[in-house]
Amino acid sequence: MIAIIDYDAGNLRNVEKAFRFLGHEAVVTDDRGAILAADHVVLPGVGAFGDCMASIRAKGLEDVIHEVIKAGTPFLGICLGMQLLFDESEESPGVKGLGVLPGKIKRIPDAGLKIPHMGWNDIDCRGLLFEGLNKPFVYFVHSYCLDAADKSVVSATVEYGTKIEVAVERGNLFATQFHPEKSGEAGLRMLENFANTGRDSHVC
């Protein structure tokens, strides 16, 4: 079963529908027991960094997320769900993120292109999540982007006036800034690749 963490953010049901379309059992839940018992866990989300961290903490989900990742359960963050995995964001100064990986979320640099970055772009990618794909086109909606402290975890980048880090992979942990569930056949392939991953001995 794939547990999609419910912390009152947007876009959760679209992710659930995508996994069910692929034939996987998926449920949107904030139940600690269900999340810990799941074979795979997903943290999607659209919203403000500070508000969503407050909701995660109010629901008592912060420790659950850390426990799931440390247990080796395959874990996927999507869009805001990727950003929340890091230390902090310029969107919400003074608010601590989950700190699963070191790094900061910064506003996309002004390179003369429209912000928010919205629409389709091809990405350079590597790793398990992207098996079978070569420079896939994926769908973005974001104004903030990752600056990872450890560049070795970055598994995909996009050129948008400047090079932007848009996916990470380490052990059982995967995350994307773009929306696989809105990225057509390529995105569905990524979700299927994730669903087919097993528990990794290299725990994050």
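See the values below:
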quantity	calculated
Enumeration of residues in the range 94-110 that are of a type outside the set (A, V, I, L, M, F, W, C) and surrounded by 22 or more Cβ atoms within 10 Å (Cβ to Cβ)	G97, G103
Residues (outside any loop (DSSP other than H, G, I, E, B), under 22 Å from V141 (Cβ atoms) and charged (D, E, K, R)) located in the range 5-22	R13, E16, K17
Selection count where residues are modelled with pLDDT under 95 and part of a strand (DSSP E or B), scope the range 23-56	1
Pairs, first farther than 15 Å from I123 by Cβ and assigned to a loop (DSSP other than H, G, I, E, B) in the range 146-158, second open to solvent by less than 10 Å² (accessible area, probe 1.4 Å) and aliphatic (A, V, I, L, M), C-beta under 8 Å, six or more apart	A149/L101; D150/L101
Count of residues meeting criterion [at negative phi and surrounded by fewer than 17 Cβ atoms within 10 Å (Cβ to Cβ)] in the range 158-179	3
Counted residues, the range 32-61 - those being open to solvent by 50 Å² or more (accessible area, probe 1.4 Å) and within 16 Å of the chain's Cα centre (by Cα)	1
Qualifying positions in the range 159-193 - without any contact (Cβ under 8 Å) to a residue 40 or more places away in the chain and within 13 Å of the chain's Cα centre (by Cα)	E165
Unmet criterion (only one of (1) open to solvent by 60 Å² or more (accessible area, probe 1.4 Å); (2) closer than 26 Å to E192 by Cβ) for L113	(2)
Residue list for the range 19-31, filter: under 16 Å from the mean Cα position of the chain (by Cα) and open to solvent by 10 Å² or more (accessible area, probe 1.4 Å)	V28
Criterion: of a type outside the set (V, I, T) and touching a helix residue (DSSP H, G or I) at 6+ places or on another chain (Cβ under 6 Å) - qualifying residue of R189, R170	R170
Filtered residues of the range 119-140 (kept if farther than 13 Å from R170 by Cα, open to solvent by 40 Å² or more (accessible area, probe 1.4 Å) and either at pLDDT below 95 or not in a strand (DSSP E or B) (or both))	E131, G132, L133, N134, K135
Any hit, the range 73-81, residues being among the small types (G, A, S), part of a helix (DSSP H, G or I), touching a Leu at 6+ places or on another chain (Cβ under 6 Å) and closer than 21 Å to H142 by Cβ	yes
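The values are calculated or read from the model by the stated rules, or taken from the named source; none is laboratory data. Quantities reported herein were computed from a predicted structural model and do not represent experimental measurements. Quick reminder, even Gly has a Cβ in these numbers, built from the backbone with ideal geometry, and neighbours come from all protein chains shown. Each accessible area value is taken on the protein alone, full model and side chains, heavy atoms only, with ligands, DNA and RNA left out. Shrake-Rupley method; radii C 1.70, N 1.55, O 1.52, S 1.80 Å.
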